[in-house]
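Undergrad: One structure coming up, written as structure tokens, with questions to follow.
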């Protein structure tokens, strides 16, 4: 069972915490992590790219010139793709890039992402994240705890932290309900409050 020191915002050890093996000590499958990140990024795609096909571009459908006798190659429409301003062939149209991912796979990948940060010693547990709501205060605390690109996880009712972390340049706050594989992996360090650890343990160790 992984055991970590619990720190305060000044970086001092104020206790220790035993982490659940099922959540923070899982075997890591890199391919599953890749699959879930790919799924998350696909869901985030806007899918708004759009091009005009031959029948949608502006222009006359009249034959460009007569079939024979001009010395030019035969042409049927000024809207053809090889003309300037012509329609595109197989160009993108608005579409939904999202697809389904099994719930068990998503939960397993989240456990593995948390376990990866533990194995790399990049998970920091703090007793509480109390701040005055200013960005400078949050940035100073993160600098003390270590890590330049940090994901902070604490309850959404911590209004001061929510406000103070909103304008951080490279770090981010997120509620335990919104913790996901992509955000964990794209930040160098993961900072959890004790309350967040308990909430994640309860959510991820429940029977399937």
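The values are calculated or read from the model by the stated rules, or taken from the named source; none is laboratory data. It should be emphasised that the depicted structure is a prediction, and the values quoted were computed from it without experimental measurement. Backbone-built Cβ (ideal geometry, glycine too); neighbour counts: all protein chains shown.
Undergrad: Residue by residue through the stretch 6-24, note down the ones that are over 29 Å from the mean Cα position of the chain (by Cα) and either on the phi > 0 side of the Ramachandran plot or surrounded by 15 or more Cβ atoms within 10 Å (Cβ to Cβ) (or both).
TA: 15
Undergrad: Residue 106 fails exactly one of the following numbered conditions: (1) surrounded by 15 or more Cβ atoms within 10 Å (Cβ to Cβ); (2) in a helix (DSSP H, G or I); (3) free of Cβ contacts under 8 Å to residues at least 40 places away in the same chain. What is the number of that condition?
TA: (3)
Undergrad: Given the conditions (1) free of Cβ contacts under 8 Å to residues at least 24 places away in the same chain; (2) surrounded by fewer than 18 Cβ atoms within 10 Å (Cβ to Cβ); (3) within 26 Å of residue 13 (Cβ to Cβ), which single one is not true for residue 144?
TA: Looking at each condition in turn, residue 144 falls short on (1).
Let's see how each residue does on (1) assigned by TED's automatic domain parsing to the domain that holds residue 160; (2) modelled with pLDDT of 95 or more; (3) part of a loop (DSSP other than H, G, I, E, B):
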| site | (1), (2), (3) |
| --- | --- |
| 87 | no, no, yes |
| 114 | yes, yes, no |
| 121 | yes, no, yes |
| 129 | yes, no, yes |
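Undergrad: For the stretch 51-65, give me the residue count where each residue is modelled with pLDDT of 85 or more and over 22 Å from residue 93 (Cβ atoms). If you could, list the steps in order and put the result at the bottom.
TA: Taking the stretch 51-65 first, the residues modelled with pLDDT of 85 or more are 51-58, 62-65.
From the residues that got through so far, the ones that are over 22 Å from residue 93 (Cβ atoms) too are 62-65.
Number satisfying all stated conditions: 4.
Undergrad: If residue 133 passes every condition in (1) over 30 Å from residue 30 (Cβ atoms); (2) at pLDDT 90 or above; (3) touching a helix residue (DSSP H, G or I) at 6+ places or on another chain (Cβ under 8 Å) but one, which one does it miss?
TA: (2)
Undergrad: Which members of the stretch 7-33 meet the condition of being over 26 Å from residue 109 (Cβ atoms) and touching a strand residue (DSSP E or B) at 6+ places or on another chain (Cβ under 7 Å)? Explain how you work it out, then say what you get.
TA: Pass one, the stretch 7-33, residues over 26 Å from residue 109 (Cβ atoms): 7-16.
7, 8, 9, 13, 14, 15, 16, listed by residue number.
Undergrad: Of all residues in the stretch 1-56, count the ones that are free of Cβ contacts under 8 Å to residues at least 60 places away in the same chain and outside any loop (DSSP other than H, G, I, E, B). First the steps, then the outcome.
TA: Of the stretch 1-56, the ones free of Cβ contacts under 8 Å to residues at least 60 places away in the same chain are 1, 3, 12-13, 16, 18, 21, 30-31, 34, 38, 42-56.
The next check asks that each one be outside any loop (DSSP other than H, G, I, E, B); those that pass are 3, 13, 16, 18, 21, 30-31, 34, 38, 42-44.
Total satisfying the criteria: 12.
Undergrad: Being more than 22 Å from the chain's Cα centre (by Cα) and either without any contact (Cβ under 8 Å) to a residue 12 or more places away in the chain or on the phi > 0 side of the Ramachandran plot (or both) narrows it down to one residue among 86, 91, 59; which is it?
TA: Working: 86 fails: either without any contact (Cβ under 8 Å) to a residue 12 or more places away in the chain or on the phi > 0 side of the Ramachandran plot (or both); 91 fails: either without any contact (Cβ under 8 Å) to a residue 12 or more places away in the chain or on the phi > 0 side of the Ramachandran plot (or both).
The match here is 59.
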